[in-house]
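Enquirer: One structure coming up, written as structure tokens, with questions to follow.
The values are calculated or read from the model by the stated rules, or taken from the named source; none is laboratory data. Predicted model only: the values in this text are computed from it and were never measured. Please note: Cβ atoms are built from the backbone with ideal geometry, for glycine as well, and neighbour counts cover all protein chains shown. For accessibility, only protein heavy atoms count, side chains too; no ligands or nucleic acids. Shrake-Rupley method; radii C 1.70, N 1.55, O 1.52, S 1.80 Å.
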Protein chains: 2
Amino acid sequence: LVAGALTEIAGSSDVVDRGFVTYSNTAKQQMLGVPADILRDHGAVSRQTAEAMARGALRAAAADIVVAITGIAGPGGGGPGKPVGLVHFAAASRSGALTHAEMRYGDIGRGVVRKKSVLQALAMLKAMAEAE
Amino acid sequence: LVAGALTEIAGSSDVVDRGFVTYSNTAKQQMLGVPADILRDHGAVSRQTAEAMARGALRAAAADIVVAITGIAGPGGGGPGKPVGLVHFAAASRSGALTHAEMRYGDIGRGVVRKKSVLQALAMLKAMAEAE
């Protein structure tokens, strides 16, 4: 969805290299190199996984900045300490910057959680681009 | 965008494994194994590239069916024989089925080309799932 938003603009393929849509844990491991022990110890929806995804995206892609999202859009899927609406974000740059955000949007509807998450991810990308 | 549409439904992460957003040719080669000579001989927007993308997605993902899109959403980016609005689609299944579609939507606006392309891709996935 973030790639979709970025490429709404004509000519965007000149600056957008690629995106990884890693729904399954296997995809997170294979595409982004997220270590199995991070997924096991902290879960897919965690700061540790979001940061490992961002680092992995930076390794795999020809990009200067990346952003990663992992969350529970709902309505199902919540658990102890991880309610529906919990979303972790991580942005990283090739020069070594790393930012993290944890949002608790609540059970406000799957579509709203996704939309707010895209806007948050774009804001983090923008902030990182401006800081470079 | 197709992954975004598929995952609008709650619980979709149980059936959606992953997606590849391969804007650059490098991404098409690295993520999907599209051969460089196909990109050189036929171009990124071609039946051959779409089919190579679908085959590569099937190799890389733990999925039974896949769909690939490559096109020119515009308003720029058109060329001789490849007008704005040209989009190639390929769907493939692990059991060996392969379908292709070429659409010429015309210069109807980037957003409309993208929306029509998502619907076409979903229709091809559905047809392939029903044929399995």
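Enquirer: Name the residues in the stretch A:50-76 that are within 30 Å of A:Gly109 (Cβ to Cβ) and more than 14 Å from chain B (Cβ to nearest Cβ), would you?
Expert: The answer is A:Ala50, A:Glu51, A:Ala52, A:Ala54, A:Ile65.
Enquirer: Hey, among the residues in the stretch A:1-26 that are without any contact (Cβ under 8 Å) to a residue 12 or more places away in the chain and among the acidic types (Asp, Glu), which one's farthest from B:Gly85 (Cα to Cα)?
Expert: Once the filter is applied, the top-ranked residue is A:Asp14.
Enquirer: Give the stretch B:39-67 a look and list any residue that's free of Cβ contacts under 8 Å to residues at least 24 places away in the same chain and either in contact with an Asp or Glu (Cβ under 9 Å, 6 or more places away or on another chain) or among the acidic types (Asp, Glu) (or both), or say none.
Expert: B:Asp41, B:Gln48
Enquirer: So, one more: Does the stretch B:82-90 contain at least one residue that is farther than 22 Å from B:Asn25 by Cα and open to solvent by 40 Å² or more (accessible area, probe 1.4 Å)?
Expert: Scanning the stretch B:82-90 turns up no residue that is farther than 22 Å from B:Asn25 by Cα and open to solvent by 40 Å² or more (accessible area, probe 1.4 Å).
Enquirer: So A:Ile72 passes all but one of these: (1) touching a Pro at 6+ places or on another chain (Cβ under 8 Å); (2) of a type in the set (A, V, I, L, M); (3) open to solvent by 40 Å² or more (accessible area, probe 1.4 Å). Which condition number does it fail?
Expert: (3)
Enquirer: On the given criteria, is A:Arg59 open to solvent by 20 Å² or more (accessible area, probe 1.4 Å) and over 23 Å from B:Ser24 (Cβ atoms)?
Expert: no
Enquirer: A:Glu8: in a loop (DSSP other than H, G, I, E, B) and of a type outside the set (A, V, I, L, M), yes or no?
Expert: Criteria met by A:Glu8.
Enquirer: Any chance you could count how many residues in the stretch A:1-47 are more than 14 Å from every other protein chain (Cβ to nearest Cβ) and either open to solvent by 50 Å² or more (accessible area, probe 1.4 Å) or over 15 Å from the mean Cα position of the chain (by Cα) (or both)?
Expert: Residues that pass the stated criteria total 8.
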